[in-house]
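Bear in mind that the values in this text are calculations on the coordinates, not laboratory data. Quantities reported herein were computed from a predicted structural model and do not represent experimental measurements. Because the Cβ atoms are built from the backbone with ideal geometry, glycine has one as well, and the counts that use them run over all protein chains shown.
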Ligand code: FAD
Ligand code: DLZ
Ligand code: SF4
């Protein structure tokens, strides 16, 4: 009997996958493929490619052990058509199969490519997420604003995580107020669990170095987990060592300490090596055992069943045109220093360097350093989106786009955020030690040595006054601006203009 093909994509490496559940291991053939269409639709960081290829190869081996017939195409295999629909067709020709089963991909781009491909593909929902498309649509229907906090409370009730009956554990839904501590001097963080590359991973690293070594990002010091058992050890390490202080220092930034108390689990969760439930249950169990404070456990769980599920809901609700939105009409090209780290702004240099080295930066670095500067300076959101999708090991459009186009760049006009995330240098100085090492002065508000964030913050508010003045959450900022001396305001705007002119001229900033 001729079976069907079961497609498993690089970020679908979960044992419990809807397409596998629908398939029959006695008759069907699993198709997995390393293809250039996926490595090159944006030029991903080599560490991300290496992580996924190593994890894919090991997943294929596990599926074979579990009794599946797996047809796995390596990047260098002769005949590789270098696209997912192409590899499905080749598999169909080789096996005689005439149809394929697939779990819905996480990017519209690939959904369309499969729908338009030569082989009929039957899609099944990606139920590795807590909230289905239909459930999110129901929640969103009729609401004037899609605020994450209300969605999150629904997910708490639905899962029973950190609940005492129908009430939130500890009496409050959200302990974010306790999660904004500036870094203490000499803050010592354990960092993520690191794994030495095994034979499969080393083979992939050699391949990726040869094929993708010239693009942005370093492959040196690769330490990611590449199989579920390792990812579970990384989770246990995080819960034991970092989670106790995760909440307190969630927003802190320290030079030379890129990871602090963060989980470093997003690449694993997004690729399917870990599930949302096991990571949340581990955090809750640690709190119930008295090993971590409530602000840490709640804060972590909110990121997973709140933010992560919410951004996915937004992506699929908003549709394929979401990534091309540009509500603020920003068109300035992304400057070279987002690729080279060659800038006098110590904060940006630090985050871009970390990103190049690790394919990682933590949330506040992404939001309040590189994202904040891009928004203040008015960089084209499509280019900013392309940058974030390329450089981070956890980036797939369903999660990256609402964070970038929505939360960070306000290019969706306020679907994700009720106001833009912008700040001057004071916030960065309070939450980091970056300014101490900077060529600019964070306390200087005007003149050539003034922190560019200080100048561009007011420049941004001033040039977008028509849009934001009526926003009650921004009224205080406009009142402060209006109270400033007129000559001072002229100097600030002139200073902002000069920074933008230097950016436009390609001069060092
Ligand atoms: P932790 O701080 O330890 O958080 C725990 C987990 O919560 C993460 O592993 C992640 O699974 C989840 N999480 C936290 N915040 C978010 C969020 N806003 N959206 C979705 N999940 C979240 N996350 C991605 O997974 N992929 C991206 O491409 C991505 N791009 C981002 C771009 C910008 C501009 C911003 C501001 C945020 C982005 N995020 C993205 C969210 C967040 O920065 C990362 O999930 C987080 O930094 C991952 O590191 P961690 O595992 O150490 O996270
Ligand atoms: C990100 C990525 C890369 C770099 N390479 C592959 C690949 O060769 N084969 C594959 O099946 N998946 C890859 N992926 C992940 C896909 O891009 C991802 O499944 C889609 O973007 C949908 O989220
Ligand atoms: Fe960044 Fe300004 Fe501080 Fe320099 S002074 S590190 S540019 S915030």
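A few notes on this one:
- Take each peptide in 420-429, 13-22, count the other Cβ atoms within 10 Å of every residue, and average; sorted highest first, the result is 420-429, 13-22.
- Helix 452-463 axis, angle to the chain major axis (alpha carbon atoms, nearest 10°): 90 degrees
- If you wrap the tightest convex hull around every Cα atom of segment 66-167 and split its volume per residue, you get 186 Å³.
- In whole percents, the pair-distance distribution calculated for segment 5-124 from its alpha-carbon pairs, binned every 10 Å from zero, is 14, 50, 34, 3.
- Inter-probe distance in nm under a simple model that places probes 7 Å from Cα toward Cβ, at residue 473 and residue 137: 2.7 nm
- Expected-Rg normalisation [2.2 N^0.38 Å, Cα atoms] applied to segment 361-425: 0.99
- The chain - Kirkwood radius from inverse mean 1/r over Cα pairs (Å): 24.2 Å
- Acute angle (nearest 10 degrees) that the helix 46-65 long axis makes with the longest principal axis of the chain, alpha-carbon atoms: 30 degrees
- Highest mean packing comes first when the peptides 163-172, 43-52 are listed by Cβ atoms within 10 Å, giving 43-52, 163-172.
- Dividing the helix sum by the residues of the chain, where each DSSP H run of 4 or more adds -39500 (n - 2.57), gives a mean residue ellipticity at 222 nm of -12500 deg cm²/dmol.
- In angstrom, the C-alpha Rg and Dmax of segment 133-318 are 18.5, 56.
- Calculation over all alpha carbon pairs of segment 399-456 in 10 angstrom steps from 0 returns a P(r) of 24, 35, 30, 12 percent.
- For segment 430-456 versus segment 457-509, the gap between their alpha-carbon centres in whole angstrom: 15 Å
- Principal-axis tilt of helix 199-212 within the chain, Cα atoms, nearest 10 degrees: 60 degrees
- Kirkwood radius and radius of gyration were both taken over the C-alpha atoms of segment 379-509, and their ratio Rg/Rh is 0.98.
- Estimated Rh, segment 1-66: Kirkwood, alpha-carbon pairs, angstrom: 12.9 Å
- Debye-sum result for segment 265-348 in log10 I(q)/I(0), which assumes one identical scatterer on each alpha carbon, at q = 0.11, 0.15, 0.16, 0.17 Å⁻¹: -0.57, -0.86, -0.89, -0.92
- Taking all Cα pairs closer than 8 Å and separated by 6 or more residues, the relative contact order of segment 99-255 comes to 23 percent.
- With 5 Å bins beginning at zero, the pair-distance distribution over Cα atoms of segment 259-299 amounts to 5, 22, 26, 25, 17, 5, 0 %.
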